[in-house]
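**Q** Here's a structure for you.
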Amino acid sequence: MTDAANDVLTLHLEEMNKLAQCDLLALAWLGREGAPAMELEDFRLDARRAWTRATASYLASMSELGDFLENAISTLEKAPPPQAPDTQGEEAR
């Protein structure tokens, strides 16, 4: 990626709010690690702890960001849908 393209990407990422940057970071990490979809929430928590004002630059500097995001999306698409919490026992209370 050229310096100009990296600068444009960084600017767009900086326009995202903190939570959106954290979610994107978590997806990038999920895709990079090839982790199962059920670990996404752990990555989201880690991303929120790791977030700094330099997160947008960090994301833009990932030469394989697109591949990582594609891997994460593929992983999430293949995952079974989350199950709703069991509320059967609550009615008996």
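The values are calculated or read from the model by the stated rules, or taken from the named source; none is laboratory data. Computed from a prediction, not measured in an experiment: that's the story for all the values here. Note: ideal-geometry Cβ built from the backbone for every residue, glycine included; neighbour counts use all protein chains shown. For accessibility, only protein heavy atoms count, side chains too; no ligands or nucleic acids. Shrake-Rupley method; radii C 1.70, N 1.55, O 1.52, S 1.80 Å.
**Q** Calculate I(q)/I(0) for the chain by the Debye formula, one identical point scatterer on each C-alpha and no solvent, and give its log10 at q = 0.24 Å⁻¹ to two decimals.
**A** -1.19
**Q** Tell me the carbon and sulfur percent of the accessible area for the chain, rounded to whole percent, probe radius 1.4 Å.
**A** 53 percent
**Q** Given a cut-off of under 8 Å on Cα pairs at least six residues apart, what relative contact order in percent is computed for the chain?
**A** 36 percent
**Q** Go through segment 44-49 residue by residue and turn each phi into a ³J(HN,Hα) via Karplus (6.51, -1.76, 1.60, θ = phi - 60°); whole Hz please, and just put x for glycine and proline.
**A** Rounded to whole hertz, the list is 5, 5, 4, 5, 5, 6.
**Q** Give a residue-ordered list of calculated ³J(HN,Hα) values for segment 29-38 (Karplus: 6.51 cos²θ - 1.76 cosθ + 1.60, θ = phi - 60°; whole Hz; x for Gly, Pro).
**A** 5, 4, x, 5, 7, x, 6, x, 4, 5
**Q** All other residues with a Cβ under 12 Å from the Cβ of residue 10 taken together, and with Lys, Arg as +1 and Asp, Glu as -1, what is their net charge?
**A** Values: positive: 53; negative: 3, 7, 14, 15.
Summing Lys/Arg as +1 and Asp/Glu as -1 gives -3.
**Q** Next up: Under a Cβ-Cβ cut-off of 12 Å, what is the net charge of the residues other than residue 61 that fall near it, where Lys and Arg count +1 and Asp and Glu count -1?
**A** Net local charge, residue 61 excluded: -3.
**Q** When Lys and Arg each count +1 and Asp and Glu each count -1, what net charge do the other residues less than 15 Å away from residue 71, Cβ to Cβ, add up to?
**A** Net charge in that neighbourhood comes out at -4.
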